[in-house]
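Visitor: I'd like to ask some things about the structure below.
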Amino acid sequence: MKKSILYFIILLISFVTGNAQNSTIPSSIENVEVKIDSVLSMMTLEEKVGQLVQYNGSWDLTGPASEMNSKEKEDNLKKGLVGSMLNVYSVEGTREAQKLVMENSRMKIPLIFGYDVIHGYKTIFPVPLGETASWDLEAMERSARIAAIESVANGVNWTFSPMIDVSRDARWGRIMESSGEDPYLTSLVGVAKIKGYQGDDLSDNLTIAATAKHFAGYGFAEAGRDYNTVNLGENELHNTVLPPFKAAAEAGVATFMNSFNEIDGIPSTGNKYLQRDILKGDWNWRGFMVSDWASIPEMIYHGIAKDKKHASEIAINAGSDMDMEGGAYESSLAELVKEGSVDEALVDDAVKRVLRVKFKLGLFDDPYKYSNPEVAKNISFEEHRKAAREIAAKSIVLLKNKNELLPIKPSIKSIAVIGPLANDKDTPIGNWRAQGESNSAISVVEGIKNAVGKNTQVNYALGTSLGISERSFLLPLEINNSDKSQFKEAIELAKTSEMVVMVLGEDAFQSGEGRSQAKIGLAGLQQELLAEIKKVNNNIVLVLINGRPMEISWASENIPAIVVAWQLGSESGNAIADVLFGKYNPSGKLPVSFPRLVGQEPLYYNQKNTGRPWNEQHVTYSHYTDVKKDALYPFGFGLSYTQFEYGDIELSGSEMNLDGQILAEVKITNTGKVKGKEVVQLYLQDVVGSRTRPVKELKGFQLVELETGETRTVSFPITPKMLEFYTANRKREVEDGDFNVFIGGNSIDLKTTKFSFKH
Ligand code: BGC
């Protein structure tokens with residue numbers, strides 16, 4: 001994955017001569033739109049198409065590479081036939097590539113450099129699914145801010161993040177890049193990330209352009225298999241999939257990326273309804289749409305385009321503006337215009353969108369502003385690591401804590417830290433790690449050693465490996481382990497220790513792109529090891545390192561304490577120790593349901609009632625005969641070292657109309673022994689609609705911190721806007737009728753009341 005000095009860039013450097021020049025655009029013209037038109041009017045058709053071409057700059061591939069060799073790519077850069085590069089990530093590399101364009105091309109339109117900065121650039125934060133478990137929007141904005149600064153320091157001015165695909169299937173590997181199953185939470189996280197990356201002003205030297213991806217429906221792949229067909233009805237599309245994208249568009253996200261999947265027979269890349277009618281039409285969004293990696297020519301495999309030329313025609317008509325490493329636009333778009341199959345106005349519109357983002361970034365004022373070695377000198381990595389530790393601790397979810405086994409008492413004499421991920425310094429870095437170094441995370445063993453006093457013995461045993469020999473972003477993963485030779489040492493250690501911390505879960509590359517799994521339990525011999533250890537020591541805390549919800553029914557039944565620690569990034573082990581020893585009282589809540597069995601997937605709390613919802617011992621209702629239908633741990637769930645008691649909900653009224661609002665208030669008391677933070681959640685249910693409605697939907701949440709014994713009143717204003725949905729009239733509106741209100745600390749244990757709405 002990481003080859004920082006790129007072969008291609010080395011080639012580029014060798015061809016560069018002369019000094020940087022500024023663009024040909026007169027700086028006296030202030031208005032960006034006037035500038036854009038002025039640039040466009042000077043461009044040839046080939047130069048226009050060039051702005052819609054994006055080349056990969058390294059071997060850091062996330063799909064099949066283009067057939068073009070580096071020399072050809074470089075010649076095209078010089079001719080001004082390329083608008084952007086991805087995967088060029090160094091001050092020197094971006095400067096050299098930019099020079100090729102600025103010193104040789106006629107129009108001197110600067111390149112924009114994109115990169116997958118997904119959960120940190122060098123300082124790595126929790127994987128997005130994990131970070132969302134913090135429900136702390138400020139913290140999430142901050143980690144994006146830090147990622148932006150570190151990106152800029154390395155020449156990158158555009159991230160392909162946030163991924164705001166609502167994701168409800170634990171089998172889908174890319175669930176780790178998502179914010180989970182809820183559209184409202186996903187919307188807020190997406191907006192926080194966009195704010196973090198883009199700041200208030202895209203032209204600021206320390207902000208970068210963000211990307212809302214993947215438009216749309218990518219998280220709904222059938223059977224959780226990546227890239228698979230999506231069948232999504234209009235109702236689900238508008239009520240579940242699109243809201244986070246609408247929020248991103250409204251937040252001013254600079255770019256969108258479309259998705260690999262088809263919906264109902266139309267690949268998203270060629271979907272005019274999504275891209276032109278909704279995004280650029282109804283929502284009036286003015287940024288540009290980059291294709292996903294080669295998703296334009298992939299329409300040939302979809303069986304909707306005859307060849308690359310046909311694929312280009314479909315894509316540009318549908319509103320895909322930039323071709324990521326697909327080689328389709330560059331080989332056929334100009335020809336399509338010349339022969340009259342594509343209206344040049346569509347190309348012009350796409351080019352204007354690309355130029356708009358480049359102007360906003362300030363690239364026309366200074367094409368090299370992001371290739372500035374001075375930026376790196378001012379970065380305090382220490383500060384960034386501190387932030388990474390804080391947000392990692394906030395992301396941890398305590399699922400079970402029988403007999404208050406946690407927090408670990410300082411008086412403890414000995415701790416056995418056991419498991420394949422206990423001393424793993426790499427897996428916490430996760431997939432999509434940008435320039436996060438391999439093996440650079442604090443391991444759990446290290447974190448615990450850092451935390452204990454000198455009277456506590458900390459011993460480590462592997463127990464079993466995950467059985468993965470070679471791991472990388474691109475290699476297929478095989479988990480194959482039947483070697484029990486290290487069981488004995490681990491069991492002996494557990495026997496002689498006061499307590500066991502078992503660190504199990506998934507390898508970094510078990511989740512991510514192309515990493516779908518039909519099994520989501522503890523792979524290899526981990527489950528067996530856990531059962532053996534339990535036989536000799538019952539004081540076990542299971543620390544799960546995971547990029548997806550896992551099947552942990554046995555552990556949930558048999559292990560007294562369970563902590564979900566995701567892949568937490570650079571400071572993983574320290575953050576885990578902060579929680580295990582009570583330095584941080586856990587406050588994370590699941591952004592995604594944990595199933596009892598994988599066969600329940602896709603599983604999500606905001607499901608529909610069905611015509612047969614009841615819970616009776618009768619065959620003909622919606623259930624499974626071999627497992628309960630609900631989640632093992634539901635959305636919004638997470639324990640604390642203290643307890644919170646909720647009073648009844650009080651509403652300021654029982655009827656609302658379009659001009660009104662109702663205040664829902666609830667009193668919460670910290671009834672436990674320590675100070676703690678609770679995520680108070682508000683859900684609503686529209687009881688009868690012109691289309692069926694979910695059993696409940698998250699509509700608000702607040703983080704409150706309470707001292708022991710403290711009571712606080714938490715208020716949620718409920719407005720008509722919150723009651724809207726995409727109705728039978730094919731628009732978002734609120735309908736008359738009854739609404740149930742639920743408030744509580746997870747999506748199941750809730751206080752409830754109701755009100756009605758009338759226009
Ligand atoms: C992924 C995108 C990513 C792109 C560039 C694709 O395979 O689906 O999310 O941004 O590669 O690396």
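The values are calculated or read from the model by the stated rules, or taken from the named source; none is laboratory data. Predicted, not measured: the structure shown is a model, and the values here were computed from it. Because the Cβ atoms are built from the backbone with ideal geometry, glycine has one as well, and the counts that use them run over all protein chains shown. In case anyone asks, the SASA skips ligands and DNA or RNA and just uses the protein heavy atoms, side chains included. Shrake-Rupley method; radii C 1.70, N 1.55, O 1.52, S 1.80 Å.
Visitor: For the range 569-708, report the accessible area per residue in Å² (1.4 Å probe, heavy atoms, rounded to an integer).
Guide: 46 Å²
Visitor: Right, something else. Roughly speaking, what is the centre-to-centre gap between the range 717-742 and the range 532-562 when only Cα atoms are used, to the nearest Å?
Guide: If you average the Cα positions of each part, the centres end up 42 Å apart.
Visitor: Grab the other residues whose beta carbon is less than 11 angstrom from that of residue 291, score K and R as +1, D and E as -1, and report the net.
Guide: Computed value for this residue: -4.
Visitor: Something else: Give a residue-ordered list of calculated ³J(HN,Hα) values for the range 536-548 (Karplus: 6.51 cos²θ - 1.76 cosθ + 1.60, θ = phi - 60°; whole Hz; x for Gly, Pro).
Guide: Computed from phi, the couplings for the range 536-548 are 9, 8, 8, 7, 10, 10, 8, 9, 9, 10, 8, x, 8 Hz.
Visitor: Okay, next question. Find how much the distance from residue 669 to residue 652 grows on full extension, using 0.36 nm per residue of separation minus their present alpha carbon separation; answer in nm with one decimal.
Guide: Net length gain for the segment: 4.0 nm.
Visitor: Here is a follow-up. How far apart, in nanometres, would the label points at residue 231 and residue 608 be if each is projected 7 angstrom from Cα along the Cα-to-Cβ direction?
Guide: Each label point lies 7 Å from its Cα, and together they span 1.3 nm.
Visitor: Residues of the range 503-544 with amide nitrogen under 15 Å from the 7 Å Cα-to-Cβ point of residue 626?
Guide: Zone members listed by number: 519-520.
Visitor: What trypsin sites (Lys or Arg not before Pro) does the range 461-559 have in DSSP loop regions with at most 12 other beta carbons within 10 Å?
Guide: In loop regions of the range 461-559 (DSSP not H, G, I, E or B), the sparsely surrounded trypsin sites (Lys or Arg not before Pro) are 519.
Visitor: Further question on the same structure: Mind ranking 214, 310 by accessible surface for me, highest first, 1.4 Å probe?
Guide: Accessible-area ranking of 214, 310, largest first: 310, 214.
Visitor: Could you provide, to the nearest whole Å², the per residue accessible area of the range 126-256 with probe 1.4 Å?
Guide: Accessible area per residue: 23 Å².
Visitor: Hey, another quick one. About its Cα centre, how strong a charge dipole does the chain have in debye, to the nearest 20, once Lys and Arg get +1 and Asp and Glu get -1 at the Cβ?
Guide: Dipole about the Cα centre, nearest 20: 1300 debye.
Visitor: So what is the 222 nm mean residue ellipticity for the chain from helices alone, if each DSSP H run of at least 4 adds -39500 (n - 2.57) and you divide by all residues, rounding to the nearest 500 deg cm²/dmol?
Guide: My calculation for the chain gives -8000 deg cm²/dmol from helical runs alone.
Visitor: Would you kindly derive the ³J(HN,Hα) couplings of the range 418-434 from the backbone phi angles with the Karplus curve 6.51 cos²θ - 1.76 cosθ + 1.60 (θ = phi - 60°), listing them in order in whole Hz, with x for Gly and Pro?
Guide: 10, x, x, 9, 5, 10, 7, 9, 10, 4, x, 6, x, 7, 6, 9, 6
Visitor: Roll a 1.4 angstrom probe over the protein heavy atoms and tell me the percent of accessible area of the range 566-715 that is carbon or sulfur.
Guide: Roughly 48 percent, rounded to a whole number.
Visitor: Let me ask something additional. So, with a 1.4 angstrom probe, what is the percent of accessible area on the range 44-200 that is carbon and sulfur?
Guide: Heavy-atom surface of the range 44-200 belonging to carbon and sulfur, 1.4 Å probe: 51 percent.
Visitor: Per residue of the range 384-400, in order, report the coupling 6.51 cos²θ - 1.76 cosθ + 1.60 (Karplus, θ = phi - 60°) as ³J(HN,Hα) in whole Hz, putting x for Gly and Pro.
Guide: Each residue's phi maps through the Karplus curve to give 5, 5, 4, 5, 5, 5, 4, 6, 5, 5, 5, 7, 6, 10, 8, 8, 8 Hz.
Visitor: For a quick check of understanding: with a 1.4 angstrom probe and all protein chains in place, what accessible area in square angstrom does residue 738 have, to the nearest ten?
Guide: Approximately 80 Å² for this residue.
Visitor: Follow-up question, since we're still on this one. Can you give me the distance in nm between label points at residue 106 and residue 484, each placed 7 Å from the Cα along the Cα-to-Cβ direction?
Guide: 7.4 nm
Visitor: What accessible area, in Å² to the nearest ten, does a 1.4 Å probe give for residue 123?
Guide: Near enough 10 Å² of accessible area.
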